[in-house]
Amino acid sequence: MVQSHDPASTSFCITRHITNLMDNIHCSRARKFVDVISSDRHVQTDDDALHLLAALLQDKIASVLHPQTIAHFDVRWEKPEDCDPNEDQEYLGRFMDVFESKMLELIEHAVERQCSVACDAHIVEILQHLTVCKQRSQVFSVFTHLHNLFKLFLQLSAKLSPYAVIPG
């Protein structure tokens, strides 16, 4: 996402905050959702890892994505001994709704972008001229090469697909 040429059109981000995670850090299940440094008697969060994740979200991701392409969920962990936040049906339902709508938006945008490239009168005219040149000038391999490059460009642009980043 950070290296994409157009992340706002090809990416979205979904984050989750488990509101009472630190209250349950004593639970072994809770340690699967946060980086910890543990010794025999003491469990402590890895503050460096937490700062790096916060910087990734606040600095890197926020600088390349529009706010409407970032979704955030707050989940309360009700029974840390019996289940984990991934089993919360309400959260999963909302997550799937957001994921589906964001993916559909990216797909629709990619299709619109593809149609605008393929339907651009200048591009169509250039391709037609190259085709005529190729047909009338088979001797010149440069026209064949340009024609093939241009066709490849159109084929590759048709295969553009959106990207999704879903942190765990």
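What are the residues in the range 34-86 that are part of a strand (DSSP E or B) and hydrophobic (A, V, I, L, M, F, W, C), if any?
Let us first name the residues in the range 34-86 that are part of a strand (DSSP E or B), namely 36-38, 43-45, 70-75.
Matches in the range 34-86: Val36, Ile37, Val43, Ile70, Ala71, Phe73, Val75.
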Against the condition at pLDDT 85 or above and either in contact with a strand residue (DSSP E or B) (Cβ under 8 Å, 6 or more places away or on another chain) or among the acidic types (Asp, Glu) (or both), how does Arg16 come out, does it pass? yes
Tell me, yes or no, whether the range 139-152 has at least one residue that is farther than 30 Å from Asp23 by Cβ, out of contact with any strand residue (DSSP E or B) (no Cβ under 9 Å at 6 or more places or on another chain) and either part of a loop (DSSP other than H, G, I, E, B) or at pLDDT 75 or above (or both). yes
Looking at Ala118, is it in contact (Cβ under 8 Å) with a residue 24 or more places away in the chain, surrounded by 13 or more Cβ atoms within 10 Å (Cβ to Cβ) and more than 23 Å from Met1 (Cβ to Cβ)? yes
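Take the residues in the range 58-79 that are in contact (Cβ under 8 Å) with a residue 12 or more places away in the chain and exposed (fewer than 15 other Cβ atoms within 10 Å of the Cβ), then tell me which one is farthest from Cys13 (Cα to Cα).
First, the residues of the range 58-79 that are in contact (Cβ under 8 Å) with a residue 12 or more places away in the chain: 60-61, 64-66, 69-77.
Keeping just the survivors that are exposed (fewer than 15 other Cβ atoms within 10 Å of the Cβ) gives 60, 66, 72, 74, 76.
Numbers: Lys60: 12, His66: 10, His72: 8, Asp74: 14, Arg76: 20 Å.
In this case the residue turns out to be Arg76.
Quick one: which residue in Asp82, Asp88 is of a type outside the set (Phe, Trp, Tyr), surrounded by 15 or more Cβ atoms within 10 Å (Cβ to Cβ) and without any contact (Cβ under 8 Å) to a residue 40 or more places away in the chain? Break it down into steps so the answer makes sense when it comes.
Details: Asp82 fails: surrounded by 15 or more Cβ atoms within 10 Å (Cβ to Cβ).
Within the list Asp82, Asp88, the selection yields Asp88.
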Top-ranked residue in the range 14-33 [being farther than 17 Å from Tyr91 by Cβ and outside any loop (DSSP other than H, G, I, E, B); ranked as farthest from the chain's Cα centre (by Cα)]: Asp23
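The values are calculated or read from the model by the stated rules, or taken from the named source; none is laboratory data. All values derive from a computational prediction rather than experimental measurement. Every residue, glycine as well, gets a Cβ built from its backbone with ideal geometry; the counts of neighbours run over all protein chains shown.
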